[in-house]
1. Could you run the Karplus curve 6.51 cos²θ - 1.76 cosθ + 1.60 with θ = phi - 60° over region 246-258 and give me ³J(HN,Hα) per residue in whole Hz, x for Gly and Pro?
2. Rounded to the nearest whole Å², what accessible area per residue is found for the chain with the 1.4 Å probe?
3. Rounded to the nearest 500, what is the 222 nm mean residue ellipticity of the chain from helices alone, with -39500 (n - 2.57) per DSSP H run of 4+ residues and division by all residues?
4. From zero outward in steps of 10 Å, how is the percent of C-alpha pairs of the chain spread across the bins?
5. With the full set of protein chains in place, find how many percent of the accessible area of region 1-151 is carbon and sulfur; take the probe as 1.4 Å.
6. Between region 77-132 and region 17-68, what is the C-alpha centre distance in whole Å?
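The values are calculated or read from the model by the stated rules, or taken from the named source; none is laboratory data. Values in this document were obtained by computation on a predicted structure and should not be read as measured data. Protein only, heavy atoms only, side chains kept; ligands, DNA and RNA dropped before computing areas. Shrake-Rupley method; radii C 1.70, N 1.55, O 1.52, S 1.80 Å.
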Amino acid sequence: MDAVLIVAGLDPSGGAGLLADAHVVRAHALHPAAVATALTVQDSARCHAQEPVDSSLVTAEIEALLDDLPIKAVKVGMLGSPAVARAVAAALQPLAKAGVPIVVDPVLRASRGADLLDGDPAEAYADLLPLAALVTPNREEAAALAGSPVEDEGDRRRAARTLRALGPRAVLIKGGHFTGDTVTDLLDDGAAEPLAITAPRRGGPAPHGTGCALSTDIACFLAKSTPLRDAVTQACARMQKRIETARAVGRGRPFLGDL
Ligand code: PLP
């Protein structure tokens with residue numbers, strides 16, 4: 001059975017992070033392998049705190065898995081600290097060299113609550129971005145990594161180009177954190193015209209963990225050799241359905257519906 005490696009934080013509520021990612025991988029009938037980069041104190045309403053795992057432990061965990069499992073794609077989510085980010089980049093070098101697709105979701109802050117990365121984001125991600133087949137920032141993450149505000153459509157296209165110049169083969173800037181009746185996700189894969197995927201905006205509280213699940217779904221499609229534009233288009237459509245079928249599990253934000 002082919003495996004997808006998830007390198008991300010543990011959200012004990014299961015709404016985001018490793019548990020939610022593993023659920024996505026299983027829905028593809030792939031095997032989820034999971035390395036925890038950080039532990040969080042979190043419920044459905046808020047992320048209260050985070051504690052990065054020691055970077056040498058993260059390195060050892062990744063190396064043990066690379067030596068053993070047939071890993072066909074990697075999703076990198078929350079990293080917690082620059083030391084863990086650098087360790088993950090170093091440990092994933094052999095996979096990147098072998099052409100295994102790596103999807104990097106640059107998680108900087110919980111929508112409600114704690115910072116999920118200590119220190120300067122651009123510095124922390126400098127080694128990792130060149131290994132990525134795709135990086136999937138939201139508006140704030142794109143601005144932090146590109147080093148300039150992202151307000152309008154022109155800013156967004158410029159930020160995508162700036163991020164691509166940092167090394168990833170493609171950049172998906174997610175549209176959920178912009179305003180308007182529709183949400184447009186913009187994929188810049190170096191083609192003359194970026195791919196824009198537009199869907200109606202749903203009212204009500206935003207479900208928890210959408211970014212985690214979307215990037216993992218894309219990684220799973222890439223694991224099955226789906227071309228990038230198809231992988232992103234299918235994953236965005238599936239996310240739309242999961243947002244429509246989101247449900248309350250705890251007292252806070254809803255969790256995504258089933259795949
Ligand atoms: N906790 C972990 C472990 C995460 O990886 C993430 C986001 O990717 C979050 C929390 C934040 O999720 P949200 O943006 O829905 O608050």
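1. In residue order, the calculated couplings are 4, 9, 6, 10, x, 8, x, 6, x, 9, 4, x, 6 Hz.
2. Numbers: 10990 Å² over 259 residues.
Result: 42 Å² per residue.
3. Working: 8 runs with 94 residues, N = 259.
Helix-only estimate at 222 nm: -11000 deg cm²/dmol.
4. In whole percents, the pair-distance histogram is 7, 34, 40, 18, 1.
5. Numbers: 3100 of 5790 Å².
Carbon with sulfur: 54 percent of the solvent-accessible area.
6. Centre-to-centre (Cα) distance: 13 Å.
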